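Structure, as structure tokens:
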Amino acid sequence: MSKQRRRDTQAELLVRQILHARGIRYRVDVRPEPDYRCKADIIWRTLRLVVFIDGCFWHGCPQHATRPRANGEWWAQKLDANILRDRKTDAFLAARGWTVLRFWEHEEPAAVADAICAKLRELRGVGG
């Protein structure tokens with residue numbers, strides 16, 4: 001498990017590459033709020049927009065999540081706690097005025113970038 005990347009995963013890099021090619025600039029691996037432990041995968045502070053690209057295993061994807069059989073009870077608690085933490089993070093950030101977007105690692109990077117760009121346009125008040 002020590003080989004698992006916390007940041008700069010393949011899914012994140014592909015989405016960031018597409019955004020950058022479209023001229024979109026952003027920050028990565030930054031805490032949205034200084035008093036909260038989470039770090040966003042991609043962030044726009046001035047627009048108060050955070051993006052998380054979640055791994056299917058670690059964050060409980062409804063389509064692809066699996067649970068190890070060995071030490072199953074421990075893994076169940078660990079993975080359920082991850083999901084609960086994600087929901088708490090979403091609620092905390094939303095309560096502080098942030099827009100939170102979450103995507104799964106298996107989603108098409110271009111579609112994720114399209115959704116992010118659409119939200120950026122909306123938050124900037126720019127039409128179509």
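Calculated from DSSP H runs of 4 or more alone, at -39500 (n - 2.57) each and per residue, what is the 222 nm mean residue ellipticity of the chain, nearest 500? Don't skip to the answer; put the middle values down first.
Numbers: 4 runs with 56 residues, N = 128.
Computed mean residue ellipticity for the chain: -14000 deg cm²/dmol.
Within the listed set Leu84, Leu93, Leu49, the residue fluctuating most in the Gaussian network model of the chain (springs between alpha-carbon atoms under 10 angstrom) is Leu84. For the pair Glu108 and Lys88, label points projected 7 Å from Cα toward Cβ lie 3.6 nm apart. The range 48-127 has equivalent-ellipsoid semi-axes of 29, 16, 5 Å, by the square roots of 5 times the alpha carbon gyration tensor eigenvalues, sorted largest first. Ranked by how many other Cβ atoms sit within 10 Å of their own Cβ, fewest first, the residues Thr46, Thr99, Thr89 fall in the order Thr46, Thr99, Thr89. Summing Lys and Arg as +1 and Asp and Glu as -1 over all other residues whose Cβ lies under 13 Å from the Cβ of Arg87 gives a net charge of -1.
Measuring nothing but how far apart in sequence close Cα pairs (under 8 Å, 6+ apart) lie, relative to its length, the chain scores a relative contact order of 26 percent. Kindly list the residues of the range 73-114 that lie in the label zone of Arg48, defined by a backbone N under 15 Å from the point 7 Å along the Cα-to-C-beta vector. Under cut-off, by backbone N: 90-101.
Here the calculated FRET efficiency for Ala95 and Asp8, from their Cβ-Cβ distance with R0 = 22 Å, stands at 0.15, rounded to the nearest 0.05. In a simple Cβ point-charge model (Lys, Arg +1; Asp, Glu -1; nothing else charged), the chain has a dipole of about 420 debye relative to its Cα centre.
Angle of helix 109-124 to the longest C-alpha principal axis of the chain, folded into 0 to 90 degrees and rounded to 10: 50°. Kindly list the residues of the range 73-101 that lie in the label zone of Glu122, defined by a backbone N under 11 Å from the point 7 Å along the Cα-to-C-beta vector. Once the point is set 7 Å along Cα→Cβ of Glu122, 99-101 turn out to lie under 11 Å by backbone N, inside the range 73-101.
Working from label points 7 Å from Cα in the Cα-to-Cβ sense, the Ala21 to Cys56 distance is 2.3 nm.
Every number in this text was worked out from the coordinates using simple rules, so none of it is lab data. Source: prediction; values computed, not measured. Ideal geometry is used to build each Cβ from the backbone, glycine not excepted, and the neighbour counts take in all protein chains shown.
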